[in-house]
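Undergrad: Quick one: the structure is below, and I'll ask about it shortly.
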Amino acid sequence: MNETPRRVYAEIDLDAVRANVRALRARAPRAELMAVVKSNACGHGALPCARAAQEAGATWLGTATPEEALELRAAGIRGRILCWLWTPGGPWREAVEADIDVSVSGMWALEEVRAAARAAGRTARIQLKVDTG
């Protein structure tokens, strides 16, 4: 068989992820710490990286898309998750019901999350993204 050699290879050391989170926690023990696991933790596996980060003291997880955040919840990940990239008609209600914090960067998004929260009968946690120019 004629295999093409790999040009790039990444091996993630979850002990190193834990050590990095612990080091940051030691420098700011009272601060909240978010481990960003967007894009499948940059291709390294969002779920194992999220678990390792939380084990070491990360108090938040960050995802780009709502689908990523909902996948973490479906896999049993608890704690605060912030999702910041939304498109009109996104799964706002599912995110509110899954207790995911959402980023809002426009009135259209605020209206959609507000409607979703009402439909779910829950309060949405919103982070406002403001472009100050």
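The values are calculated or read from the model by the stated rules, or taken from the named source; none is laboratory data. None of the values given here were measured: they were computed from a predicted structure. For neighbour counting, all protein chains shown are included, and Cβ atoms are generated from backbone atoms with ideal geometry for every residue, glycine included. Heavy atoms of the whole protein, side chains included, go into the accessibility calculation; ligands, DNA and RNA do not. Shrake-Rupley method; radii C 1.70, N 1.55, O 1.52, S 1.80 Å.
Undergrad: Order 71-79, 22-30 from most to least packed using the mean count of other Cβ atoms within 10 Å.
TA: 71-79, 22-30
Undergrad: So, one more: What is the spin-label model distance, in nm, from Glu32 to Thr4 if the labels are put 7 Å beyond Cα along the C-beta direction?
TA: It works out to 4.4 nm between the two label points.
Undergrad: Using only the Cα atoms of the range 1-126, build the gyration tensor, take square roots of its eigenvalues as a ≥ b ≥ c, and label the shape rounded, prolate or oblate: rounded if a/c is under 1.5, else prolate if a/b is larger than b/c, else oblate.
TA: Verdict is oblate for the range 1-126.
Undergrad: Would you compute, from DSSP H runs of 4+ residues alone, the mean residue ellipticity of the chain at 222 nm, taking -39500 (n - 2.57) per run and dividing by the full residue count, rounded to the nearest 500?
TA: It comes out at -13000 deg cm²/dmol, rounded to the nearest 500.
Undergrad: Which helices, counted as full DSSP H runs in the chain, have an axial Cα extent of no less than 18 Å and a Kyte-Doolittle average of 0.0 or above?
TA: Result, helices passing both filters: 107-120.
Undergrad: I want the local charge near Arg93. Using Cβ-Cβ distances under 13 Å, sum +1 for each Lys or Arg and -1 for each Asp or Glu among the other residues.
TA: Around Arg93, the surrounding residues sum to -1.
Undergrad: Quick one: which of 89-99, 60-70, 114-124 comes out on top by average Cβ neighbours within 10 Å, and what's the full order, highest first?
TA: Ranking, from highest mean packing down: 60-70, 89-99, 114-124.
Undergrad: Still on this structure: Lys and Arg at +1, Asp and Glu at -1: add these up for the other residues within a Cβ distance under 11 Å of Val17 and post the number.
TA: Its environment carries a net charge of 0.
Undergrad: Over the range 1-104, what percent of the accessible surface lies on carbon and sulfur atoms, probe 1.4 Å?
TA: For the range 1-104, the apolar C and S fraction of the accessible surface comes to 52 percent.
Undergrad: For the range 15-133, what is the accessible area per residue in Å² when the probe is 1.4 Å?
TA: 57 Å²
Undergrad: Quick check: net charge around Ala50, other residues with Cβ under 14 Å of its Cβ, Lys/Arg +1 and Asp/Glu -1?
TA: +3
Undergrad: Quick check for me: using +1 on Lys/Arg Cβ and -1 on Asp/Glu Cβ, what's the dipole size of the chain about its Cα centre, in debye to the nearest 20?
TA: 440 debye
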